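Here is the structure we will look at, set down as structure tokens.
The values are calculated or read from the model by the stated rules, or taken from the named source; none is laboratory data. Note that the structure is a prediction, hence the values are computed from the model and not measured. Every residue, glycine as well, gets a Cβ built from its backbone with ideal geometry; the counts of neighbours run over all protein chains shown. For accessibility, only protein heavy atoms count, side chains too; no ligands or nucleic acids. Shrake-Rupley method; radii C 1.70, N 1.55, O 1.52, S 1.80 Å.
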Amino acid sequence: MLDLNLDIYGFVGIIMLIGIVKKNAIMMIDFALEAQRKDGKSPADAIYQGCLVRFRPIMMTSMAALMGTLPIALGLGAGAESRRTLGVSVVGGLIFSQFVTLFLTPVVYIYMEQAKEWASRTFGKKHHPEAEPDSSQGPFPGRVGAPIARSIDAPDLSRLGRSGDRR
């Protein structure tokens, strides 16, 4: 039985692990969002395709980190006892994080997409025609300028055209 305490090296390993897990999830979700927007796929099909396409880069990153920290976790070399918590936290965390990334992330993605669809159906935008800006006034309707320039003595700049000429 190992008697390891969570010291500064262990915390460094956990921070490194969080970065790797975050990157892996971002790679899958980014691919899924792109497939949804460009190809019009459903969220389930998009994340499935993202898992298939991004599986190899995710495994390559995780295996490189695992093989790099395995000697530290095994405690090989001079002074390795002090850094062993780093290796154990990264190796154990990478094994656990692979399951989280490959199994839990797609499920959470699908649930979040369903929640987004429900929220847009329930709290969708209401169309208010009177709130639409007048396109004849250009991109900045009304008075233009910083709040300090909108004082009583400031001229009304909304009469100026785009080229700066008075109308």
Return yes or no: is GLY19 more than 11 Å from THR101 (Cβ to Cβ), in contact with a helix residue (DSSP H, G or I) (Cβ under 8 Å, 6 or more places away or on another chain) and open to solvent by less than 60 Å² (accessible area, probe 1.4 Å)? no
Cβ-Cβ distance below 9 Å, separation of 6 or more or different chains: which pairs start in region 1-26 with a residue that is farther than 27 Å from VAL108 by Cα and end on one that is open to solvent by 80 Å² or more (accessible area, probe 1.4 Å)? TYR9/ARG83
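Residue-by-condition table, conditions (1) open to solvent by 40 Å² or more (accessible area, probe 1.4 Å); (2) in a helix (DSSP H, G or I); (3) modelled with pLDDT of 85 or more:
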site: ASP3; (1), (2), (3): yes, no, no
site: ALA25; (1), (2), (3): no, yes, yes
site: ALA35; (1), (2), (3): no, yes, yes
site: TYR48; (1), (2), (3): yes, yes, yes
site: VAL53; (1), (2), (3): yes, yes, yes
site: THR61; (1), (2), (3): yes, yes, yes
site: ALA65; (1), (2), (3): no, yes, yes
site: VAL91; (1), (2), (3): no, yes, yes
GLN114 fails exactly one of the following numbered conditions: (1) open to solvent by less than 70 Å² (accessible area, probe 1.4 Å); (2) at pLDDT 90 or above; (3) not charged (D, E, K, R). What is the number of that condition? (1)
Can you list residue pairs whose Cβ atoms sit under 8 Å apart, with the first residue in region 72-85 being assigned to a loop (DSSP other than H, G, I, E, B) and the second being open to solvent by 60 Å² or more (accessible area, probe 1.4 Å) and at pLDDT below 80? Count only pairs 6 or more apart in sequence or on different chains. GLY75/GLU81
